[in-house]
1. Which residues, counting only those in region B:292-306, are closer than 20 Å to B:Ala331 by Cα and touching a helix residue (DSSP H, G or I) at 6+ places or on another chain (Cβ under 7 Å)?
2. Just to be sure, is A:Ile64 touching a residue at least 60 places away in the same chain (Cβ under 8 Å) and part of a loop (DSSP other than H, G, I, E, B)?
3. Only residues that are under 23 Å from B:Arg372 (Cβ atoms) and without any contact (Cβ under 8 Å) to a residue 12 or more places away in the chain: list them for region B:155-170, please.
4. With the requirement that a residue be more than 11 Å from chain B (Cβ to nearest Cβ) and part of a helix (DSSP H, G or I), what does region A:5-29 give you?
5. Within region A:129-160, track down each residue that is surrounded by 10 or more Cβ atoms within 10 Å (Cβ to Cβ), part of a loop (DSSP other than H, G, I, E, B) and within 13 Å of chain B (Cβ to nearest Cβ).
6. When B:Phe159 is evaluated against the numbered criteria (1) within 17 Å of the chain's Cα centre (by Cα); (2) within 19 Å of B:Ala259 (Cβ to Cβ), which criterion, by number, is the only one it fails?
7. All but one of (1) free of Cβ contacts under 8 Å to residues at least 40 places away in the same chain; (2) away from every other protein chain (no Cβ under 14 Å); (3) touching an Asp or Glu at 6+ places or on another chain (Cβ under 7 Å) hold for B:Leu117, so report the exception by its number.
8. Of all helices (runs of 4 or more DSSP H) completely enclosed by region B:229-328, which ones contain at least 3 residues that are within 21 Å of the chain's Cα centre (by Cα) and surrounded by fewer than 22 Cβ atoms within 10 Å (Cβ to Cβ)?
Amino acid sequence: MKEIFEILEQNARATPEQISTMVDKPVSKVEKIIKQAEKDGTILKYKAIINWSKLDKEDIQALIEVRVTPQRDVGFDAIAEHIYQFPEVYSAYVVSGTYDLAILVKGKNMHEISSFVTEKLAPLERVQSTVTHFLLKRYKENGEIFHLPKEINRRLPITP
Amino acid sequence: MLNTKPAPTTARDNLISQKVDTLPPSGIRKFFDLLSSVEDVISLGIGEPDFVTPWHIREAGTYSLEKGYTMYTSNSGMPELRRELAHYLELHYGVNYHPEHEILVTTGSSEALDLALRAIINPGDEVIIPNPCYVAYPADIILAGGMPILVPTNEENNFIVRATDIEARITKRTKAILIGYPANPTGAVMSKKEAGAIAGLAKKYDLLVISDELYARLVYGVEHICFPSLPGMKERTILISGFSKSHAMTGWRIGYVAAERRFIQALAKIHQYTMLSAPTMAQMAAIEALRNGESEVEKMVQEYNRRRRLMVKRLNEIGLPCFEPKGAFYAFPSIKATGMNSEEFAEKLLLEEKVAVVPGTAFGPYGEGFVRCCYATSLSSIEEALRRMDRFIRKSRLNPA
């Protein structure tokens, strides 16, 4: 069953028919598993990975380290929830180490990100401090490598 | 000044050894030339993984260069690598080899095969090989001064050589049986029972077995039987393997032989005069492959398995019946229903639909009626290639030759 999700994670457009052949299970069973996973949130969404730099429409991204004061009973959850609901926040994590929350934010330009930090994030009562790192270049995201060199075929067309 | 005189010629017509002169060229070579004249081909004719060697293994190779490991190693291979190999063979197949005396590291399993044959063959000795088989088997036997004796295998017996067929060909000159399972080009995997039958013959007629197990790690849902692990077989088996297929390391040229000391000593004698030692960088990379390569091997096997199922299913759907290959990364469908022979089929398919497959005859006379399709290529290429083959077969049904 895990294999079905691994295949979809690599290629969300793989059809139940294709998957059924690859994992050697009946199509109806594969369909059922996928339906169930869509319903129970195992599969959250099907998305494409877009290389926006190709369109010259790449967003600016920043990784922000946030130190916060945890709250009784809910720990970091309440403040994390408060923060991740801002649409600028693309990813949010609680992390171990010298700070508490790691959040990735996206904006059209530097101004958008800095105003998010100075006007929305930093002023929050439970936020003690923030450190903003602007991303300069994307190499790899979610297992996908950006700016791949042109595919070269290193194999001879026929070998014994 | 340029020398414009023609190169001196000689009246002697025996400049090339007769053995080499009469050796037939590889059936693959001929096809290669035709292929290079066609553009944008999807090739199912490749005999190597499409994966690049896992990064941690490549990194071990470059690190060895950085550290200046650019010299020869011990003839038999780095002691560390031999220790790792002994451990690996025990762990996976339960066979015990002494790292110092019973393992020889070679420049690919191709060298290992050549050494094994040269070390055991006296002029005129016969070596029995199932056919179709890897292109080098008959040629290497001839070059070593022996006589290849071909035993036909076919789809009825799942391309596994039958002991009775072997027995019928045993003569006083028979020295050894050379088997390669999982098999190139058929993808056949030998069961314990089938292997046991061959072991019985080897004992009965006092024969050696050269077991080429290069594809041992690439098996799907079945267990690979390591030939020397069969009772009484270690003492009469020369086990050949390497890293090319399991760890996607074809270009590194690194393989090995495991056998009893008397054999390893004989093989090492040739090796020390001809190859000296396997590439040092590749040996360092191989150590890393054995120590930390398991998860990458498993990932590749899983990926091959998906592609295998897709290819076999589609081949059967489009009317090229294909027995289920349980190992290696080849499907070997029958093309007899098309009315073409395998060379014709491969040539027309290439010219009309730009898909390359290898005619079964490249692997010997008993490959006639089949083509080899390698599924070590992306799923999308397999799908597209099969679409084109489908179209090709429909067309040829409408206009039979």
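The values are calculated or read from the model by the stated rules, or taken from the named source; none is laboratory data. A quick note: this is a predicted structure, and the numbers were derived from the prediction, not measured. When we count neighbours, we look across all protein chains shown, and the Cβ atoms used for this are built from the backbone with ideal geometry, even at glycine.
1. Result: B:Arg306, single match.
2. So A:Ile64 fails the test.
3. First, the residues of region B:155-170 that are under 23 Å from B:Arg372 (Cβ atoms): B:155-162, B:165.
Hits for region B:155-170 are B:Glu156, B:Asn157.
4. Correct list: A:Phe5, A:Leu8, A:Glu9, A:Pro16, A:Val27, A:Ser28, A:Lys29.
5. A:Arg155, A:Leu156, A:Pro157, A:Ile158, A:Thr159, A:Pro160
6. (2)
7. Condition (1) is where B:Leu117 drops out.
8. Because the criterion is at least 3 residues that are within 21 Å of the chain's Cα centre (by Cα) and surrounded by fewer than 22 Cβ atoms within 10 Å (Cβ to Cβ), the helices (runs of 4 or more DSSP H) in region B:229-328 that meet it are B:294-317.
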